[in-house]
Amino acid sequence: MWRFEGGRFLEAEFPLPEEERLLLVVNGKPWATLSYTPGDEAHLALGHLFLSGVVQSLEGVRFWVGDGVVAVDLPHEPERGLGVRDSGCAAGFRYGEPRLAPVPRVSLEPELPQRLLAELRANASRYARTRGIHGAALFDLSGQLLYLNEDIGRHNAVDRLAGYMLLRGISPPVLVASTGRVSQEMAAKAIGMGAVLLASRTGATAPAVALARAYGLALATYVRPTGYRLYAPGGMPVAEGILRP
């Protein structure tokens, strides 16, 4: 690789993010193919199905992980609607929506979004090496890190959080941090997991903010050490004094 710096080209070495294809098979039939970063394939597959509304729990579910494939057997035959490509890099197609319910209102410290993103940055080892990958992290209500993963697709990274919750039996409410833009799909994923706070390093779309307001999700964007933008306070209702100055 060549790096242009100081008016000249310099030869350099820089690691690149990994990218492979994962085939998801449901009840013996191909369901979707995802471009992804290898690792925690079961989390990704199960989280993808959960956040597509295909799986509600692991009761009666069996799965196998092979080379480039995850096969999932469900106790029912899922409905397969029109495939929709998510507005995210390497997200693949989704077939359905998560089942959404209003998230509970809880007291949250105003510094939580900054703490979550700081923890995500500190543990994002692949980003430190490549600078070309997304990260997402799951926390309990105190801000304790439960699980973190990195993927070329921001949707994949968040899907793994849902899969981790399923496999570990973690019940909501939880907190989520992400490096990627918060689209409507990303907000829906956070609400579908029962997150009361979604903190992102970047911005949010207008439909994402509207969805967060409708379901009570606290949405913090452009989170930096010096502050952040808070949309749809939800679990962080400033007017009620829960956010302390």
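Worth a mention:
- Residue tally, condition modelled with pLDDT under 90 and of a type in the set (Lys, Arg), over the range 104-118: 1
- Leading residue by the ranking (nearest to HIS76 (Cα to Cα)) among those in the range 16-30 that are in contact with a helix residue (DSSP H, G or I) (Cβ under 8 Å, 6 or more places away or on another chain) and surrounded by 12 or more Cβ atoms within 10 Å (Cβ to Cβ): VAL26
- Subset of the range 151-178 [closer than 25 Å to THR33 by Cβ and surrounded by fewer than 24 Cβ atoms within 10 Å (Cβ to Cβ)]: ILE152, GLY153, TYR164, MET165, LEU166, LEU167
- Restricting the first member to the range 202-218 and to residues that are at positive phi, and the second to residues that are among the β-branched types (Val, Ile, Thr), the beta-carbon pairs closer than 7 Å and six or more apart or on different chains are GLY216/VAL103.
- Per-region count, the range 178-195, residues among the charged types (D, E, K, R) and farther than 10 Å from PRO207 by Cβ: 2
- Scoring SER183 on the criteria (1) modelled with pLDDT under 95; (2) within 19 Å of GLU41 (Cβ to Cβ) leaves a single failure, condition (2).
- Filter result for ARG121 (in the same structural domain as ASP140 (by TED's automatic domain parsing), surrounded by fewer than 18 Cβ atoms within 10 Å (Cβ to Cβ) and at pLDDT below 95): yes
- Taken as a whole, the condition of being outside the structural domain of TYR164 (by TED's automatic domain parsing) and outside any loop (DSSP other than H, G, I, E, B) does not apply to PHE14.
Here is a yes/no grid of residues against (1) without any contact (Cβ under 8 Å) to a residue 40 or more places away in the chain; (2) touching a Ser or Thr at 6+ places or on another chain (Cβ under 9 Å); (3) in the same structural domain as TYR222 (by TED's automatic domain parsing); (4) under 21 Å from GLU109 (Cβ atoms):
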residue	(1), (2), (3), (4)
LEU146	yes, no, yes, yes
GLY153	no, yes, yes, no
ALA157	yes, yes, yes, no
ARG168	yes, no, yes, no
VAL174	yes, no, yes, yes
THR179	no, yes, yes, no
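- ALA162 being over 14 Å from GLY47 (Cα atoms), of a type outside the set (S, T, N, Q) and not in a strand (DSSP E or B): no
The values are calculated or read from the model by the stated rules, or taken from the named source; none is laboratory data. The structure presented is a predicted model; accordingly, all values stated were derived computationally and were not measured. With ideal geometry, Cβ positions are generated from the backbone for all residues, glycine too; neighbour counts draw on all protein chains shown.
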